[in-house]
Amino acid sequence: MNERNLGDVILDLKGISLSFGAMRVLNNISFDVRQGEIRSIIGPNGAGKSSMLNVINGVYHPQEGEITFRGKVRKEMKVHEAAGFGIARTFQNIALFKGMSTLDNIMTGRNLKMKSSMLAQAIYWGKAQKEEIQHRKKVEEIIDFLEIQAIRKTPVGRLPYGMQKRVELGRALAAEPEILLLDEPMAGMNVEEKEDMSRFVLDINDEFGTTIVLIEHDMGVVMDISDRVVVLDYGRQLADGTPDVVRSNQDVIDAYLGVSH
């Protein structure tokens, strides 16, 4: 990916350390995320990548370090705060409602946007009715964008794995996030599915202006679509920079990419 002029820093992580009992999962990790970039986190299994995303969206609270979001320092981010601030997330293991349709799953991503009371929504009356129509319109736009019109009424449990991943991406997009955290969105996909998902990630970034923080094992994908890459290795930070800088870093080659790669 060609180097682009990136926006201001919107998320800054400094000295993040996270332990579970005697096990140190993250050790003094520091990096930032700029407005409008695709920021990748790479590293071998057990490097702490998913734990880092869990720190960003408030699932885990680090024992040391601080998070600065839009200039405001937070010792820890709470899950509901992260969602309210516009941070959405997909997961390594798909977390969809398998008995619900594609459309209904994506609609659940609109929950934070709904202003009507639960009672009004339940009886589908007045403002709640108008609001649901607006939300459904947004969801239909996402369905069109992700090219999943043919499965809009299909229960997601019946869909192949790659399509379920796309539906989960749609649900995250339904929240209209400012920062989208993607945890291995291409894991388990074939070459064609990976190409489709890469295209959607680039289009989300380009057309919606969404900032993306991405965990991915496929180095070809990472180097092609990322603006900057941070490399973790068993809780330590090995490197941080553009794909070209990271690709040529000897520590990264030795620890992760491997000389034979």
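The values are calculated or read from the model by the stated rules, or taken from the named source; none is laboratory data. This one's a predicted model, so the numbers in the text were calculated from it and none came from an experiment. Note that each Cβ is placed from the backbone with ideal geometry, even for glycine, and that neighbours are counted across all protein chains shown. The protein model used for the area step is the full one, side chains on, heavy atoms only, and it has no ligands, DNA or RNA in it. Shrake-Rupley method; radii C 1.70, N 1.55, O 1.52, S 1.80 Å.
Which of the strands (runs of 3 or more DSSP E) contained wholly in segment 1-106 include at least 3 residues that are over 27 Å from R199 (Cα atoms) and in contact (Cβ under 8 Å) with a residue 12 or more places away in the chain?
Qualifying strands (runs of 3 or more DSSP E): 9-20, 23-34, 64-69.
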Query raised in the report: What number of residues within segment 189-198 are of a type in the set (G, A, S) and either free of Cβ contacts under 8 Å to residues at least 12 places away in the same chain or assigned by the TED database to the domain that holds M52 (or both)?
Result: 0
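For every residue, the table says whether it meets (1) more than 23 Å from M223 (Cα to Cα); (2) touching a helix residue (DSSP H, G or I) at 6+ places or on another chain (Cβ under 9 Å); (3) among the β-branched types (V, I, T).
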| site | (1), (2), (3) |
| --- | --- |
| G7 | no, no, no |
| M23 | yes, no, no |
| D32 | no, no, no |
| S40 | no, yes, no |
| G46 | no, no, no |
| N54 | yes, no, no |
| I67 | yes, yes, yes |
| E76 | yes, yes, no |
Requested in this report: For segment 133-144, indicate whether the set of residues that are in a loop (DSSP other than H, G, I, E, B), surrounded by fewer than 11 Cβ atoms within 10 Å (Cβ to Cβ), modelled with pLDDT of 85 or more and among the basic types (K, R) is non-empty.
Outcome: no
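With respect to R228, is the statement that it is under 24 Å from F69 (Cβ atoms), open to solvent by 20 Å² or more (accessible area, probe 1.4 Å) and in the same structural domain as S17 (by the TED database) true? Spell out the reasoning first.
Values: under 24 Å from F69 (Cβ atoms): yes; open to solvent by 20 Å² or more (accessible area, probe 1.4 Å): yes; in the same structural domain as S17 (by the TED database): yes.
Taking the combined requirement at face value, the residue satisfies it.
Every residue, every condition in (1) modelled with pLDDT under 95; (2) surrounded by 18 or more Cβ atoms within 10 Å (Cβ to Cβ); (3) under 14 Å from V222 (Cβ atoms); (4) touching a Ser or Thr at 6+ places or on another chain (Cβ under 8 Å), yes or no:
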residue: L159; (1), (2), (3), (4): yes, yes, no, yes
residue: R166; (1), (2), (3), (4): yes, yes, no, no
residue: A172; (1), (2), (3), (4): yes, yes, no, yes
residue: E176; (1), (2), (3), (4): yes, no, no, no
residue: L181; (1), (2), (3), (4): no, yes, no, yes
residue: A187; (1), (2), (3), (4): yes, no, yes, no
residue: L202; (1), (2), (3), (4): no, no, yes, no
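Regarding G157, is this residue in the same structural domain as G43 (by the TED database) and among the small types (G, A, S)? Step through it out loud before you land on a result.
Numbers: in the same structural domain as G43 (by the TED database): no; among the small types (G, A, S): yes.
Criteria not met by G157.
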Query raised in the report: Any residue in segment 43-62 that is open to solvent by 10 Å² or more (accessible area, probe 1.4 Å) and either farther than 27 Å from D240 by Cα or not assigned by the TED database to the domain that holds N249 (or both)?
Result: no
